[in-house]
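Read the structure below first, then the notes.
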Amino acid sequence: MGLIKEPKNVDFTVQSEPWTEEELKDFRKLMNEIKVKNAKKKLRSSTTKKRVSA
Amino acid sequence: MKLSKKIPLDFEIDKLTNSIENTSTDEVFDTVVVQLTLKDLSHIHKSEWQFDWAKEIKDKTKEVYKLTTINNPTIIQGLLSLEDKQDHIFMHLIESSKFNKGKDKVYLGVPGNLVAFACKISFDKGYQGFLAFDAKTALIKHYQETLHATHFRGLRMFIETTAALRLISQYFKS
């Protein structure tokens with residue numbers, strides 16, 4: 001895979017503002033949901049691999 | 001642009017090498033990301049940067065990193081300011097150096113390089129790659145397409161585990 005090259009006319013600059021407590025709360029909730037989903041996927045994947053190799 | 005205008009938008013770092021590409025010659029140069037300290041302030045000339053990086057370095061809640069090529073460690077290609085939020089990394093600022101901005105920019109890949117580094121830090125700290133930041137409205141789609149970032153709400157965006165892994169594999173040599 002190559003580098004991510006921004007177009008010449010685009011300047012990728014980030015200047016973030018602090019997130020509100022509510023935004024952080026909602027983000028953390030979503031983040032935890034994604035983490036749980038990823039953990040389940042990983043578990044399912046490792047179980048499948050074990051079955052194949054058994 | 002003035003900072004007051006509200007516009008959204010000890011690990012082994014020496015081993016984290018990646019690269020940037022010269023826009024004229026297409027040559028690729030290996031790079032390194034190094035944390036900045038107060039001692040480095042003399043290398044950052046305020047007139048050459050849009051953001052107040054001295055303020056960032058002095059802020060103890062933040063960590064500031066510079067991207068340079070391996071062969072030219074004194075020439076800063078871009079700067080990054082991060083905060084450890086205990087369960088994710090928050091990206092406060094990213095800025096490419098003056099000569100890496102606009103249609104005549106010298107190198108491509110500076111910001112992507114720094115974002116990938118931020119994701120790597122998130123993994124190193126056990127946050128599974130989660131990285132939060134704000135985007136300028138016009139760049140939300142661009143970040144979704146290039147960084148595989150997720151639009152959270154308004155100008156808020158984040159990068160989750162799968163996207164972070166993809167970025168790291170693109171930039172960091174194993």
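A few comments on the model shown:
- With the charge dipole of chain B set up from +1 on Lys and Arg Cβ and -1 on Asp and Glu Cβ about the Cα centre, the Cα lying farthest toward the positive end among the listed residues B:Leu93, B:Ser169, B:Ser42 is that of B:Leu93.
- The heavy atoms of B:Lys125 present about 80 square angstrom of accessible area, all protein chains included, probe 1.4 Å.
- Per the accessible-area calculation with a 1.4 Å probe, the total area buried between chain A and chain B rounds to 4000 Å².
- With R₀ set to 41 Å, the beta-carbon distance separating B:Asp40 from B:Thr150 gives a calculated FRET efficiency near 0.80.
- Among the listed pairs B:Lys85/B:Lys136; B:Lys39/B:Lys103; B:Lys39/B:Lys60, a Cα-Cα separation exceeding 26 Å is found for B:Lys39/B:Lys103.
- Cross-link reach list, aspartates and glutamates versus A:Lys35, counting only Cα pairs under 19 Å and skipping chain neighbours closer than eight places: A:Glu23, A:Asp26, B:Asp84, B:Asp87, B:Asp124, B:Glu160
- Taking packing as the residue-averaged number of other Cβ atoms within 10 angstrom, the listed peptides A:23-29, B:44-50, B:63-69, B:165-171 run from highest to lowest as B:63-69, B:165-171, A:23-29, B:44-50.
- On segment B:56-174, 52 percent of the accessible area sits on carbon and sulfur atoms, based on a 1.4 Å probe.
- Summed over the residues of chain B and divided among them, the accessible surface reaches 47 Å² per residue at a probe radius of 1.4 Å.
- Our estimate of slack between B:Ile75 and B:Ser169, defined as 0.36 nm per intervening residue step minus the Cα-Cα distance, is 31.3 nm.
- Only Lys, Arg (+1) and Asp, Glu (-1) charged, at Cβ; chain B dipole about Cα centre in debye: 700
The values are calculated or read from the model by the stated rules, or taken from the named source; none is laboratory data. Since the model is a prediction, treat every value here as computed from it, not as a measurement. Methodologically, a virtual Cβ is constructed for each residue, glycine included, from the backbone with ideal geometry; neighbour enumeration extends over all protein chains shown. In case anyone asks, the SASA skips ligands and DNA or RNA and just uses the protein heavy atoms, side chains included. Shrake-Rupley method; radii C 1.70, N 1.55, O 1.52, S 1.80 Å.
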